[in-house]
Amino acid sequence: MFLTTMTARLVLVLMALALPGIVRAGWQDMPDTVQLQAMGDTLQVNGTPMQVRAFASRLALDALLQDVETRWRRSPGEVKRSVNSAWTVLNQTVGAQHRSFQVRQASASTIEGFVALTSPSATREPKLAVRLPPDMTPVSIIDSVDQGRASQQVIAVSKRSMTATAASLEASLKASGWERHRFKAEPTGIVFAANKGKQQFDATLTAQPNGSIVMMNTLLN
């Protein structure tokens, strides 16, 4: 599912967000041996503009990390290294921008990773594309444009049960003119989808110890 793939990747990027540090931190410090590919045309995470590049390589992980860290240390700003699960992350604030490099061993011969560049000083209050019921609280709002298609991915939590949350969400969408076209309930989760003209909405609800979590994706055009 598109929602699952995009959210999984962007959650990795969220690990690198930090406070702002008028020097520009760009892609120029990456080795030529790493071929970066853009993820989307534009991206905002909780109202903060972000640029993300992804890569896969057969280079040695430790050697690449050391190369990038050495290059980054030539710029003003401390380079911090941390480990989060299988990922090793480098973070650096350079002027008004913050950048991160995240890499992991994908297989015996391949590594994969992301480079993220954010502008915290340009953060603006994000706006929800879909009206949520009052019993749901958004914790992550990601706005993106990819190949001209605008979408919004939202992660929200609710203190109510998975079933009650799904019913509340459907009622809120219906009141805003959305029409349900899929609803599948299983003990492990609920999948819900709706349409409104050319707009598409899908959500996956999962039970949590103290309520439920909802992962939503809205295609706006």
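The values are calculated or read from the model by the stated rules, or taken from the named source; none is laboratory data. For clarity, every value in this text was computed on a predicted model and none was experimentally measured. Cβ placement follows ideal geometry from the backbone for every residue including glycine, while neighbour counts extend to all protein chains displayed. Each accessible area value is taken on the protein alone, full model and side chains, heavy atoms only, with ligands, DNA and RNA left out. Shrake-Rupley method; radii C 1.70, N 1.55, O 1.52, S 1.80 Å.
For segment 31-53, what are the residues that are open to solvent by less than 20 Å² (accessible area, probe 1.4 Å) and among the hydrophobic types (A, V, I, L, M, F, W, C)?
Val34, Leu43, Val45, Met50, Val52
Can you tell me which residue in segment 183-207 is most open to solvent (accessible area, probe 1.4 Å), limited to those that are charged (D, E, K, R), closer than 19 Å to Ser151 by Cβ and assigned to a strand (DSSP E or B)?
Lys196
So which residues in segment 154-182 are surrounded by fewer than 21 Cβ atoms within 10 Å (Cβ to Cβ) and among the polar types (S, T, N, Q), if there are any at all?
Residues satisfying the conditions are Ser161, Thr163, Ser168, Ser172, Ser176.
Among the residues of segment 82-91, is any open to solvent by 60 Å² or more (accessible area, probe 1.4 Å), modelled with pLDDT of 80 or more and at positive phi?
Yes, because at least one residue in segment 82-91 is open to solvent by 60 Å² or more (accessible area, probe 1.4 Å), modelled with pLDDT of 80 or more and at positive phi.
Scanning for something more than 16 Å from the chain's Cα centre (by Cα) and either basic (Lys, Arg) or surrounded by 15 or more Cβ atoms within 10 Å (Cβ to Cβ) (or both), does segment 137-144 turn up at least one residue?
No, that holds for no residue.
Under 30 Å from Ser57 (Cα atoms), open to solvent by less than 30 Å² (accessible area, probe 1.4 Å), at pLDDT 90 or above and assigned to a strand (DSSP E or B) - does that describe any residue in segment 118-125?
no
Could you check segment 24-109 for strands (runs of 3 or more DSSP E) lying wholly inside it with 1 or more residues that are in contact with an Asp or Glu (Cβ under 6 Å, 6 or more places away or on another chain) and over 30 Å from Arg124 (Cα atoms)?
48-57
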